[in-house]
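Here's the structure we're looking at; comments come further down.
The values are calculated or read from the model by the stated rules, or taken from the named source; none is laboratory data. Being a predicted model, the structure only gives us computed values, none of them experimental. Methodologically, a virtual Cβ is constructed for each residue, glycine included, from the backbone with ideal geometry; neighbour enumeration extends over all protein chains shown. Each accessible area value is taken on the protein alone, full model and side chains, heavy atoms only, with ligands, DNA and RNA left out. Shrake-Rupley method; radii C 1.70, N 1.55, O 1.52, S 1.80 Å.
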Amino acid sequence: MRTRIVSILQREEPLDEVEVAGWVRTRRDSKAFSFIELNDGSCLRSIQIIADADLPTYGEVSRLATGAAASIKGKLVPSQGKNQKWEILASEVRVLGECPEDYPLQKKGHSREFLRSIAHLRPRTNLFGAVFRVRSRLAHAIHTFFQERGFVYVHTPIITGSDCEGAGEMFRVTTLDPHAAKRQHDADDFFGRPTYLTVSGQLEGETFACALADIYTFGPTFRAENSHTSRHASEFWMIEPEMAFCDLQGDMELAEEMVKALIGDALTHCEDDLKFFNQFVDKGLLERLEHVVTKPFERVTYTEAVEILLQSKQSFEYPVEYGLNLQSEHERFLTETHFRAPVTVCDYPKDIKPFYMRRNDDEKTVAAMDLLVPEIGELVGGSQREERIGLLEENMRAHELSMEDYGWYHDLRKYGSVPHAGFGLGFERLIMFVTGVANIRDVIPFPRTPGSAAF
RNA sequence: UCCUGCAUAGCUCAGCGGUAGAGCGGGUGGCUGUUAACCACUAGGUCGUUGGUUCGAAUCCAACUGCAGGAGCCA
């Protein structure tokens with residue numbers, strides 16, 4: 001019965017009999033014995049195994065090249081060496097899978113670009129093992145956060161007939177033959193209408209919030225944008241809570257509370273992995289994360305943010321002017337130079353925001369908010385939704401949205417309309433922020449980006 | 001979609017107009033309670049593709065392809 005290396009390394013007492021299984025990271029031979037570093041992915045650290053040359057199964061040891069899979073039985077004893085508390089004196093070594101010499105992973109550093117080209121093997125490295133353990137932990141923490149607060153987890157559809165206007169270009173889902181000679185009609189398609197991969201579960205999420213009050217979605221999202229940056233992927237995961245009887249204030253509070261809770265969870269449950277990132281990926285990581293958890297987030301209105309930027313005497317490539325969107329450089333100035341902390345910006349001009357956002361009393365702005373963090377930029381985008389039927393209809397007309405497509409969404413205002421609000425949080429961006437890993441391609445197992453869908 | 005940069009051994013890179021190099025990894029041998037061990041030997045490359053300039057191109061120029069960074073859009 002195999003024991004995970006993570007629990008062996010935490011032990012206080014030696015063990016007469018223990019069995020481990022994993023992949024060889026490195027082997028160092030001498031005449032009398034071999035040192036084997038074995039990693040099973042349960043934690044960052046490997047366990048050192050001493051295989052004595054007298055072992056009946058010592059012949060197996062020579063087959064244990066870097067990358068080979070093995071199971072080992074033996075005794076857990078205090079290590080004579082300096083760098084580890086425990087080691088296993090092997091009594092039996094069994095090769096499960098050999099690893100030939102063309103194994104691409106070496107003991108030394110590889111570039112992230114190269115590792116992306118072997119995405120099927122990169123979780124065997126220290127860095128990617130740590131990233132994906134943290135990803136798993138954060139996914140768990142998200143469910144815990146919402147379930148503890150009584151939110152209901154809703155599975156919104158992946159294939160959808162509606163687009164969440166303003167969210168981006170969509171992938172078409174079709175069974176029509178692209179090479180057909182005859183012209184084909186939408187009515188002949190699989191669903192009898194055009195369908196797409198979802199760009200957001202928000203609109204469907206709103207329908208459930210208007211029934212179960214507090215809900216969240218957590219699932220994959222697809223954008224066919226030709227974005228070529230380190231922060232965009234064509235397939236990514238998003239968390240979208242939606243709350244009835246809630247205004248923008250409550251929305252911002254939940255977003256801030258959530259970011260703090262998730263980072264706090266990672267700090268307590270992924271200590272070794274975060275220390276590793278702090279040492280090898282981003283020297284200021286732990287300090288920044290502690291800071292985010294303990295200090296209150298800054299909060300400004302869009303109008304105030306524009307004032308700050310205008311008075312900053314900073315020269316920006318893009319103009320700062322009321323009515324224009326904040327550019328990446330402006331957001332970075334606010335989080336990295338001016339406040340040196342996460343900032344929530346709210347009440348944006350209505351003309352630069354989508355149709356579903358609630359108009360403020362000033363008639364110029366909408367109840368929207370973006371939570372900006374240093375390095376990453378926009379981590380959360382959300383709003384209070386327009387619950388007043390007349391104003392929603394006005395917005396739908398202005399955006400040329402048909403009642404045929406959005407009638408069901410409009411119904412929510414017709415039948416028992418309530419104030420409600422929600423936001424979307426990009427899961428990969430959260431992982432980037434927590435790990436310090438700068439490229440979105442390195443925090444999702446098999447990244448999909450324009451021109452690239454290997455594996 | 002726009003702007004910029006890069007492409008040389010399995011990997012990381014040096015060479016930047018005159019016969020292709022190092023470290024790591026691989027193989028062989030040695031040595032040692034080792035720690036990305038160490039020592040010796042060894043195999044391994046149409047210098048991304050196509051075209052041009054030149055007596056001569058990995059090196060200069062152009063196009064293409066791929067990758068990366070930034071912008072826009074957004075999460």
Qualifying residue in region A:385-399 (condition: in contact (Cβ under 8 Å) with a residue 60 or more places away in the chain and more than 14 Å from A:PRO419 (Cβ to Cβ)): yes
Single residue of A:SER402, A:SER417, A:SER452 found to be modelled with pLDDT of 95 or more and farther than 18 Å from A:ARG137 by Cβ: A:SER417
Meets criteria (more than 25 Å from A:SER136 (Cα to Cα), part of a helix (DSSP H, G or I) and not hydroxyl-bearing (Ser, Thr, Tyr)) for A:GLN249: yes
Answer from A:GLY407, A:GLY426 - the residue that is open to solvent by 10 Å² or more (accessible area, probe 1.4 Å) and within 11 Å of RNA strand B (Cβ to nearest atom): A:GLY426
Whichever residue in region A:167-204 is of a type in the set (A, V, I, L, M) and touching a helix residue (DSSP H, G or I) at 6+ places or on another chain (Cβ under 9 Å) and, among such residues, is surrounded by the fewest Cβ atoms within 10 Å (Cβ to Cβ): A:LEU176
Count - residues of region A:291-311 that are of a type outside the set (Val, Ile, Thr) and open to solvent by less than 30 Å² (accessible area, probe 1.4 Å): 4
Hey, A:ASP265 within 15 Å of RNA strand B (Cβ to nearest atom) and surrounded by 14 or more Cβ atoms within 10 Å (Cβ to Cβ) or not: no
Hits in region A:209-237 (condition: within 13 Å of RNA strand B (Cβ to nearest atom), at pLDDT 95 or above and buried (at least 21 other Cβ atoms within 10 Å of the Cβ)): A:THR217
Unique residue being polar (S, T, N, Q), within 30 Å of A:SER328 (Cα to Cα), assigned to a loop (DSSP other than H, G, I, E, B) and touching a strand residue (DSSP E or B) at 6+ places or on another chain (Cβ under 7 Å) when the list is A:SER200, A:SER227: A:SER200
Wholly within region A:3-120, strands (runs of 3 or more DSSP E) carrying at least 3 residues that are open to solvent by 50 Å² or more (accessible area, probe 1.4 Å) and away from RNA strand B (no atom under 11 Å from the Cβ): A:15-29, A:86-97
Matching helices (runs of 4 or more DSSP H) fully within region A:380-455 where at least 2 residues are over 16 Å from A:PHE132 (Cα atoms): A:389-398, A:403-414
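Condition check ((1) hydroxyl-bearing (Ser, Thr, Tyr); (2) touching a residue at least 40 places away in the same chain (Cβ under 8 Å); (3) closer than 23 Å to A:ALA130 by Cβ) across all residues:
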| site | (1), (2), (3) |
| --- | --- |
| A:GLU19 | no, yes, no |
| A:GLY41 | no, yes, yes |
| A:ILE49 | no, yes, yes |
| A:TYR58 | yes, no, no |
| A:PRO78 | no, yes, no |
| A:GLU87 | no, yes, yes |
